[in-house]
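Asks: I have a structure here, written as structure tokens, and I will follow up with some questions on it.
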């Protein structure tokens, strides 16, 4: 977390996950993906619009005592494809993963078209082609419908 | 045969060329046993008259047999069976399946699952590739070319799958397209975006009489009453998107009027005897093209 020195905004965590380089303003969406709400018992810290060396501004989310699921990683890669996921053990970065947006995503979102065969109870893994990442645009290979960022975020 | 976007221009040209050979069989001048011993299964979860009958007729004219159902209510879908299961069962009973569904992407799913060829006979508002091939065949037979033409699509461009399917296919050709529709029924954004990405020249207008004068093909579609919550609005709208014989007076000599049928009153019966009318010819060509497709997907056509 060298970028945060010398004025470390949020305390280092002992055990857990630090999601860094979140696109500025998208940390709330990340919290939504992680299911953080008023009933959550985990300690969560959030910093928004932090000056960053890589990009102009970024958001950072730290979740204590918890690792991320693959499904959460997939969703995070959709909304902020440059984020890095740091697994922290004993105050050190144990593992660092940069998420990346694949050309096709599976099992992460559902088609918004109610008339699409993927919403008809068929045994199909919902799969989308990524048309563009900025702005985020997905396309259903079955019905051809486009999905925009807002429609995707609404599902998380 | 799910989506014409999966086909190249060469493949489309080839299907149209093969189709010509079937005209004498389609009109009963020649008899054929090309598909003797083969079984076609019509799986129509949504009603259809001409598409289903013309597939059946095409199969029988070539000596094959036909089974199937004409409505989802008589299939086990009414008992809650998934399409996937229905396809896995039905593929045991036939050599080729013809599928119509109100769900978009249904034919893609069926084709992914089935080991037998699946022909999409319409999926929701999306694709109707055999209708499109017969439309292309009609234009090419009746005008002699598709390249270089101005084609106008008129009526319900929002829900009409024939016009979606046809516009996609026309991106393979050098044509100019005009879209003429009420604003409530204009071409969906994803279709327009695809067409423009393919470099197609597209004009949107509400001036039907100008379009009739400048186009080579005027493709009419039915505006369905149920699309309009207000019946008054429907009455007002439908007149603006219908044609009669006097409106065709300023048309180019070789202009043709097409319609996937059924028509209600968007083409007045006074147009039927006009030299521009081609919609009944178009229905005949449907049989021709479907014969060619069946012989091709079953591997029985020899050049």
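Asks: Nearest 500 deg cm²/dmol is fine: what mean residue ellipticity at 222 nm does the protein assembly as shown get from its DSSP H runs of n ≥ 4 alone, each adding -39,500 (n - 2.57), divided by its residue count?
Replies: -8500 deg cm²/dmol
Asks: What order, most packed first, do the peptides B:91-98, A:128-135, A:100-107 have when packing is the mean number of other Cβ atoms within 10 Å of each residue?
Replies: Output ranking for B:91-98, A:128-135, A:100-107: B:91-98, A:128-135, A:100-107.
Asks: Please work out the Cα center distance from the stretch B:1-74 to the stretch B:189-213, rounded to the nearest Å.
Replies: That distance is 31 Å.
Asks: Okay, moving on. How tilted is helix A:70-79 with respect to the longest principal axis of chain A? Cα atoms for both, answer in degrees (0 to 90, nearest 10).
Replies: Roughly 90 degrees between the two axes.
Asks: Further, regarding this structure: Counting only other chains, and only Cβ atoms inside 10 Å, what mean value do you get across the residues of B:97-109?
Replies: 5
Asks: For the stretch B:226-303, rounded, prolate or oblate, judged on the Cα gyration tensor with a ≥ b ≥ c (square roots of eigenvalues), a/c < 1.5 rounded, else prolate if a/b > b/c?
Replies: Oblate shape, in that a/c is at least 1.5 and b/c is the bigger or equal ratio.
Asks: Distance in nm between label sites at residue A:49 and residue B:207, each 7 Å beyond Cα in the beta-carbon direction?
Replies: Modelled inter-label distance: 5.0 nm.
Asks: Angle, helix B:161-170 long axis vs. longest principal axis of chain B, Cα atoms, 0 to 90°, nearest 10?
Replies: With rounding to tens, the tilt is 80 degrees.
Asks: Looking at the square roots a ≥ b ≥ c of the eigenvalues of the Cα gyration tensor of the stretch A:104-153, which shape do they give, rounded for a/c under 1.5, prolate if a/b is larger than b/c, or oblate?
Replies: prolate
Asks: Quick one: Debye curve from the C-alpha atoms of the stretch B:1-143, no solvent, what's log10 I(q)/I(0) at q = 0.10, 0.12, 0.13, 0.19 Å⁻¹?
Replies: -0.35, -0.50, -0.59, -1.22
Asks: On to the next question. Hey, could you pull the Cα Rg and Dmax for the protein assembly as shown, both in Å?
Replies: 27.5, 91
Asks: Now a separate question. Viscosity 0.890 mPa s, temperature 25 °C: what is the translational diffusion coefficient of the stretch B:75-207 from Stokes-Einstein with a Kirkwood Rh over Cα pairs, rounded to a whole number of µm²/s?
Replies: It comes out at roughly 150 µm²/s.
Asks: What shape does chain A take by its C-alpha gyration tensor, where a ≥ b ≥ c are the square roots of the eigenvalues and a/c under 1.5 counts as rounded, a/b above b/c as prolate, and the rest as oblate?
Replies: prolate
Asks: I would also like to ask the following. Ratio to report: Rg/Rh of the stretch B:76-143, with Cα atoms as the point set and Rh obtained by the Kirkwood method; give two decimals.
Replies: Expressed as Rg/Rh, it is 1.08.
Asks: Could you state the number of Å between the C-alpha centres of the stretch A:70-88 and the stretch B:268-282?
Replies: Centre-to-centre distance over Cα atoms comes out at 60 Å.
Asks: Roughly speaking, what is the stretch gain from residue B:73 to residue B:102, that is 0.36 nm per residue apart minus the C-alpha to C-alpha distance, in nm to one decimal?
Replies: 9.1 nm
Asks: Now a separate question. If one takes the longest principal axis of the Cα atoms in chain B, at what angle in degrees, from 0 to 90 and to the nearest 10, does the Cα axis of helix B:129-143 lie?
Replies: The angle comes out near 50 degrees.
Asks: For chain B, report the translational diffusion coefficient in µm²/s to the nearest whole number, using Stokes-Einstein at 37 °C, 0.692 mPa s, and a Kirkwood Rh over Cα pairs. Mind dumping the intermediate values first?
Replies: On the way: Rh = 19.9 Å.
Rounded, D is 165 µm²/s.
Asks: On to the next question. Less than 15 Å from a label point 7 Å out along the Cα-to-Cβ axis of residue B:284: which backbone N atoms in the stretch B:1-44 qualify, by residue?
Replies: B:20-30
Asks: Let me ask you something else. Before anything else, pin down the relative contact order of the stretch B:62-174: Cα pairs under 8 Å, at least 6 apart, normalised by residue count, whole percent.
Replies: Once normalised by length, the contact order is 19 percent.
Asks: How fast does the stretch B:129-282 diffuse by Stokes-Einstein, in µm²/s, taking the Kirkwood radius from C-alpha pairs at 25 °C and 0.890 mPa s?
Replies: Translational D for this selection: 159 µm²/s.
Asks: May I ask for the distance between the Cα centers of the stretch B:288-303 and the stretch B:111-161, given as a whole number of Å?
Replies: A separation of 17 Å, based on Cα centres.
Read-outs throughout are calculated quantities, based only on the coordinates presented, and are distinct from any laboratory measurement. These figures come from a predicted structure and were not determined experimentally. So basically every Cβ, Gly included, is an ideal-geometry build from the backbone, and we count neighbours across all protein chains shown.
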